[in-house]
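One structure below.
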Amino acid sequence: MARILTGIQSSGRPHLGNLLGAIVPAIQLTQKKENESFLFIADLHSLTTIKDPSDRMNHINATAAAWLAFGLDTEKTIFYRQSRIPEVCELAWYLGCITPFPMLANAHSFKDKSDKLADVNAGLFTYPVLMTGDIILYDADYVPVGKDQKQHLEISRDIATAFNNQFGETFVVPDSIIDERIMVIPGTDGLKMSKSYGNTIDIFQPDKKLRKQVMSIITDSTPLEEPKNPDTCNVYSIYSLLANDLQIKDMRQNYEGGNYGYGHAKQALFELIVDTFSEEREKFNYFLDNPDELEKTLQEGEIKAREVAGKKMVEVRKKLGFSL
């Protein structure tokens, strides 16, 4: 049996990139009988950027609602909030004390912002250490990650290995799982879809707002009557991630045949999103309207997660000389 673990930050409402790149693949992994799964909301990580408490609570609920709306079975999966497992912070301190400064200085989460150090907080710098604690606290065998997180997973492997070498075999050294087809989900501007870039598509919005977001996707200025190259179009790229083979074939023919504008393609994408995720959108709103049900589900998972975390920390403290 393999233990799978993954988390998603609650730094905003989950967008299409989060859903296709993390939530859906993770849920598919949990459905395999041979897997044991730990899925969590990384609300501690969100503190590096989100400071408003009410925003954080709303984002946590939206993130939990998205997981459940897409069919996460919490009877078979341990589903929890990172912040409700204090052992992860304790472990992160221990790990930080054996992690060399240059390793963190080379992490892209820090390097990408290092040209403006006044805007970098210590939490952002030590982000990979807390991420390592999230993973190895539960002896995860595999961690589904996007391409942008692959380096952080390698850091986690290095830290776990260093701890084992220094204090004796303690942690499982995790491997990554990367879906090559959806490593990067394009945003409305063609860059990776990201909350920080402001280029996301929130499928859970009301139809009017969702359509406006889809219609904002950047395209070139090729006239309606001329053929268009689908392979260089953001609309087509996103459409292809959701559509079946026949729909993709038809859309390609529309692009290459001419007399088909980007407005037509965007409308088709909007309709595809609404049709594809109609059930999930309805469930998402149900859970947001019933926060007590969300809270109950999360607390049940947190009891299970703390039991596993507590046992591991007994072992860790003994190895470090903090208990008999």
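The values are calculated or read from the model by the stated rules, or taken from the named source; none is laboratory data. Keep in mind the model is a prediction, meaning the values are calculated, not measured. Here the Cβ positions follow ideal geometry from the backbone for every residue, glycine too, while neighbour counts run over all protein chains shown.
Observations
- In the range 2-114, counting only strands (runs of 3 or more DSSP E) that sit wholly within it, none holds 3 or more residues that are at pLDDT 95 or above and among the β-branched types (Val, Ile, Thr).
- All told, residue 62 meets the bar of being touching a residue at least 24 places away in the same chain (Cβ under 8 Å) and in contact with a Leu (Cβ under 8 Å, 6 or more places away or on another chain).
- The helices (runs of 4 or more DSSP H) found entirely in the range 230-301 that carry 2 or more residues being among the aromatic types (Phe, Trp, Tyr) are 234-242, 262-276, 278-289.
- Residue list for the range 12-29, filter: surrounded by fewer than 22 Cβ atoms within 10 Å (Cβ to Cβ), in contact (Cβ under 8 Å) with a residue 12 or more places away in the chain and of a type outside the set (A, V, I, L, M): 12, 13, 25
- Of everything in the range 30-48 that is over 17 Å from residue 306 (Cβ atoms) and in contact (Cβ under 8 Å) with a residue 40 or more places away in the chain, the residue that is nearest to the chain's Cα centre (by Cα) is 45.
Quick grid of which residues meet (1) in the same structural domain as residue 128 (by TED's automatic domain parsing); (2) hydrophobic (A, V, I, L, M, F, W, C); (3) touching a Ser or Thr at 6+ places or on another chain (Cβ under 8 Å); (4) closer than 21 Å to residue 126 by Cβ:
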| site | (1), (2), (3), (4) |
| --- | --- |
| 157 | yes, no, no, yes |
| 163 | yes, yes, yes, yes |
| 166 | yes, no, no, yes |
| 169 | yes, no, no, no |
| 175 | yes, no, no, no |
| 178 | yes, yes, no, no |
| 192 | no, no, no, no |
| 198 | no, no, no, no |
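- Residue selected from the range 268-302 under the condition free of Cβ contacts under 8 Å to residues at least 40 places away in the same chain and either surrounded by 15 or more Cβ atoms within 10 Å (Cβ to Cβ) or of a type in the set (A, V, I, L, M, F, W, C) (or both), by the criterion nearest to residue 3 (Cα to Cα): 272
- Consider the range 303-316 and keep the residues that are surrounded by fewer than 15 Cβ atoms within 10 Å (Cβ to Cβ) and touching a Ser or Thr at 6+ places or on another chain (Cβ under 8 Å). The one that is farthest from residue 87 (Cα to Cα) is 315.
- Search result, residues across the range 258-301 that are of a type in the set (Lys, Arg) and within 30 Å of residue 85 (Cα to Cα): 281, 283, 296
- Flag if residue 175 is among the charged types (D, E, K, R), surrounded by fewer than 16 Cβ atoms within 10 Å (Cβ to Cβ), in contact with a strand residue (DSSP E or B) (Cβ under 8 Å, 6 or more places away or on another chain) and more than 30 Å from residue 217 (Cβ to Cβ): yes
- Picking from residues in the range 47-96 that are among the hydroxyl-bearing types (Ser, Thr, Tyr) and crowded, with 22+ Cβ neighbours inside 10 Å, the one that is nearest to residue 159 (Cα to Cα) is 80.
- Hits in the range 178-227 - residues which are farther than 17 Å from residue 18 by Cβ, exposed (fewer than 15 other Cβ atoms within 10 Å of the Cβ) and small (Gly, Ala, Ser): 216, 221
- Number of the condition not met by residue 184 [criteria: (1) under 25 Å from residue 79 (Cβ atoms); (2) of a type in the set (A, V, I, L, M); (3) part of a loop (DSSP other than H, G, I, E, B)]: (1)
- Condition met for residue 159 (within 18 Å of the chain's Cα centre (by Cα), part of a helix (DSSP H, G or I) and β-branched (Val, Ile, Thr)): no
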